[in-house]
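A.B. asks: I'd like to ask you about the structure that follows.
The values are calculated or read from the model by the stated rules, or taken from the named source; none is laboratory data. Source: prediction; values computed, not measured. Ideal geometry is used to build each Cβ from the backbone, glycine not excepted, and the neighbour counts take in all protein chains shown. Side chains included, ligands, DNA and RNA excluded: accessible areas come from the protein's heavy atoms. Shrake-Rupley method; radii C 1.70, N 1.55, O 1.52, S 1.80 Å.
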Amino acid sequence: MRSCLIVSLLLVYYTNTPLAQTPTVNRQKFDKNAGADLTYRNNILEIKWPAGNNYYGRVELNMKEGKPLFSRILLTKGKVSKLISSNLDPSFLLTIGKRDLVSQNGWNIFFDKVPQKPYKAHEVKLEKSDATVETIGSRTVVKISSLKADRFSGDLEITFYNGSPLFNVAAVMSTNADSSAIVYDAGLVSREPKWESISWINTADSLQTTNLIATDTSKNVAVKYRSIAAKGKEGILALFPAPHQYFYPLDEAFNLKFTWYGNNYRKMVDGYGIGIRQDLQGDKRFVPWFNAPPGTKQRLNFFCMLSTEDEDNAFAAIKKFTHNDAYVKLPGYKTMSSHFHNEFIMNVVLANKPIPEVPDFVTVFKRMGVDMVHLAEFHYTAHPKGPDEQRLKELHALFEQCKRLSDNRFLLLPGEEPNEFFGGHWLALFPKPVYWIMSRENGAAYSENHPSYGKIYHIGDKKDMLKLLEEEQGLAWTAHARTKGSVNTPDLYKNEDFFKSDRFMGAAWKPMPADLSSPRLGKRVLDLMDDMNNWGLKKTVIAEADLFTITPENEMYAHMNVNYLMLDSLPKFTDSWDPILNSMQKGRFFTTTGEVLMPRLTINGKHSGETITLDNSGMATIELALNWTFPMNFVEVISGDGQQVYRERIDLTKTEAFGSQVLRFKTKLDKRAWVRLEAWDVAANGAFSQSFYIAE
């Protein structure tokens, strides 16, 4: 009787207790003919992919709960396999704060101070319930369910790229809660690390290596190229973020120690690891973090690079993705970057401090391959409204230093962010040094001859300002449109005479705000481009950096962007800068973060800024020469009819890293008024053209 009772109780227990089940793997969308191999047995999901140079990468994912996910990571050549790392788990810390959606302009806000409001960090937990493996072009994507961190939930996605020893690890998570602002830290962690040493490149561009001591508390490290690596007996695993997307916009590009290594990171991560991180306080001014609107899939991600060589070669492979954090030369183009409040004139020259022969900021730009730099000096530091002699002295010092620091390969263009007369914030550039004062008393002359400086101008209102731009053939444009000090501009003055003038170029682009769910950067101003086109105005948009301090130690590249102007030669400082302004005003340039290049783009044989004619079919022929480092994601053709915006996406997921291609295709543009192109890669790096106009 007693034995029957025990059997009955056991039957009840096992009937009501869930048994550990082997996670299922859905392979329906995996294409075995696309280059990668897949096996799944004994809880091990193995992905093997062609990694370039006759290598194959192999990752064994342990789907058993409680076991490290990355059981083994290997590189194989011929019959020889080398173990790069083993028994690692991906680690993500999601810090959730509150976005201010009320005081300014909703999700476009920059002047937010998220870390000064309540926030909390959460460890992202992975439950290995099931997985799907999908082939997308030349990539293999493994999706493992599910992830959870407070109000956010989602899946882990691991993407392997044919042709490279490269893969991406992403916690793809969303929330239904409103007003969320986030940052994340991430990495790979082991409870029993098998690595021998940790390496990075310091801000002086020198390789640093330290022996691994498993019990050492984690350290945050200021590095160059945003990368950190761990060396095992047979190879190196390096880890790095998307070079631009990971860095939410700040006024400063300070190097805030964006990598970490060691044990018990933030007293939240169980084990020893390497990874990327964000400083929650940012530059301690306005710190907006990332937007996370309800329902958006935020990609908290990082890249891994595998190598069987030494540390130098491993980092060299990573540096190739950003051309060593520089902008490459293209025949027929010169690079230009704009909007820097370095304040060298007020803080050094007129402060009677020692004036270096070559200031650090000039060295930084030259090393980055920037041919032309447009300054934005005197930003709340000088005397734009006078007294006259003080203002003229400041301008003269600016012009003289720009002349001294320019040479045959580098042009330093004087510039300001005047923020007077038009409304909001804006920048200006003239084709030569112009002396002007931002005030004009009643009865004062609009212009006069000064005994030392020649012709000077007194500007009292927006009509005077437009007149000055017209007389001196200068250009003005809206800085950080629709955010910061330009919340309502240029929309507020789109019908004003000065804005309709060809002297008001348009606006400037910076990837601000940041949203990790978007496959592109800077939607705020890309949308403005489309709006200005649909307003019927021929306006252009240049990239801007909008930064203050520029030093070799800064993380400059992550916050930079450039314009490739169609110029055969670089004007000298003493020559007219008209060729530069003409390229800007006529749209003869493209903008890029650096990794994606458009060395040639024509539509029906015309270049950007020009007017194309369609035949009776309404079809247009697009020819786009494209160069890239990271594998490409897509090209998009954006057009409009004066009311609506239309998008046509050309899928480029079959591309591999470090490629070039000439795309020739036709698109229907009848009843459209304008068209432009964008191109974006897997790390949300990209390039975009200026607009083409379509004859009626």
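A.B. asks: Would you mind computing, in nm to one decimal, how far apart the modelled labels at GLN281 and TYR453 are, each placed 7 Å from Cα along Cα→Cβ?
C.D. replies: According to this spin-label approximation, the distance is 4.1 nm.
A.B. asks: Which percent of the accessible heavy-atom area of the chain goes to carbon and sulfur, probe 1.4 angstrom?
C.D. replies: Ligands and nucleic acids excluded, carbon and sulfur give 47 percent.
A.B. asks: Can you pick out the pairs among LYS148/LYS484; LYS125/LYS219; LYS233/LYS319; LYS128/LYS654 whose Cα atoms lie more than 27 Å from each other?
C.D. replies: Those over the limit are LYS148/LYS484; LYS128/LYS654.
A.B. asks: Follow-up. Just from the alpha-carbon atoms, what are the Rg and Dmax of the range 161-303 in angstroms?
C.D. replies: 15.9, 48
A.B. asks: Long-range amide H contacts for ILE437: which residues qualify at under 5 Å (H placed 1.01 Å from N, peptide plane, sequence gap of 5 or more or a different chain)?
C.D. replies: Hits under the 5 Å cutoff: TYR457, HIS458, ILE459.
A.B. asks: Take each uninterrupted DSSP H stretch in the chain, measure its Cα extent along the helix axis, and return the ones at 24 Å or beyond whose mean Kyte-Doolittle hydropathy is at least 0.0.
C.D. replies: Within the chain not a single helix satisfies the rule.
A.B. asks: Ordered by packing density, taken as the mean number of other Cβ atoms within 10 Å over each peptide's residues, highest first, how do 203-216, 604-617, 269-282 rank?
C.D. replies: In descending order of packing, they fall as 269-282, 604-617, 203-216.
A.B. asks: Give me a comma-separated list of calculated 3J(HN,Hα) values for the range 88-93, in order, Karplus coefficients 6.51, -1.76, 1.60 applied at θ = phi - 60°, integers in Hz, x for any Gly or Pro.
C.D. replies: Each residue's phi maps through the Karplus curve to give 10, 10, x, 10, 10, 10 Hz.
A.B. asks: Further question on the same structure: Between ARG27 and LYS671, 0.36 nm times their residue separation minus their Cα-Cα distance comes to what?
C.D. replies: Here the answer is 227.4 nm.
A.B. asks: I would also like to ask the following. Two decimals is fine: what is log10 I(q)/I(0) at q = 0.20 Å⁻¹ for the range 604-696, from a Debye sum with one equal scatterer on every Cα and no solvent?
C.D. replies: Here the Debye-derived log intensity ratios amount to -0.95.
A.B. asks: Taking 7 Å along the Cα-to-C-beta vector as the label spot, tell me the ARG151-THR653 distance in nanometres, rounded to one decimal.
C.D. replies: 3.1
A.B. asks: Putting +1 on Lys and Arg Cβ atoms and -1 on Asp and Glu Cβ atoms, find which of LEU469, GLY485, PHE499 reaches farthest to the positive end of the dipole of the range 449-529.
C.D. replies: My answer, from the dipole projection, is GLY485.
A.B. asks: Largest first and in whole Å, what are the equivalent-ellipsoid semi-axes of the chain based on the Cα gyration tensor, each being the root of 5 times an eigenvalue?
C.D. replies: 49, 28, 25
A.B. asks: Residue by residue through the range 346-353, which ³J(HN,Hα) values in whole Hz follow from phi under the Karplus form 6.51 cos²θ - 1.76 cosθ + 1.60 (θ = phi - 60°), with glycine and proline marked x?
C.D. replies: 6, 7, 10, 4, 8, 8, 6, 8
A.B. asks: For the chain, what relative contact order do you get, as a whole percent, if you take Cα pairs closer than 8 Å and at least 6 residues apart?
C.D. replies: In percent, rounded to a whole number, it is 11.
A.B. asks: Can you give me the accessible area per residue for the chain, using a 1.4 Å probe, in Å²?
C.D. replies: That works out to 41 Å² per residue.
A.B. asks: In the range 425-450, which residues have a backbone nitrogen under 16 Å from the label point lying 7 Å from GLU470's Cα in the Cα-to-Cβ direction?
C.D. replies: Hits in the range 425-450 for GLU470 at 16 Å: 446-447.
A.B. asks: Further, regarding this structure: Per 0.36 nm of contour for each residue apart, how much would the distance between VAL102 and LYS120 grow if the chain were fully extended, relative to their Cα-Cα spacing?
C.D. replies: Result: 4.3 nm gained on full extension.
A.B. asks: How much mean residue ellipticity at 222 nm does the chain get from its helices, if each DSSP H run of length 4 or more adds -39500 (n - 2.57) and you divide by all residues, to the nearest 500 deg cm²/dmol?
C.D. replies: Theoretical 222 nm ellipticity from helices: -4000 deg cm²/dmol.
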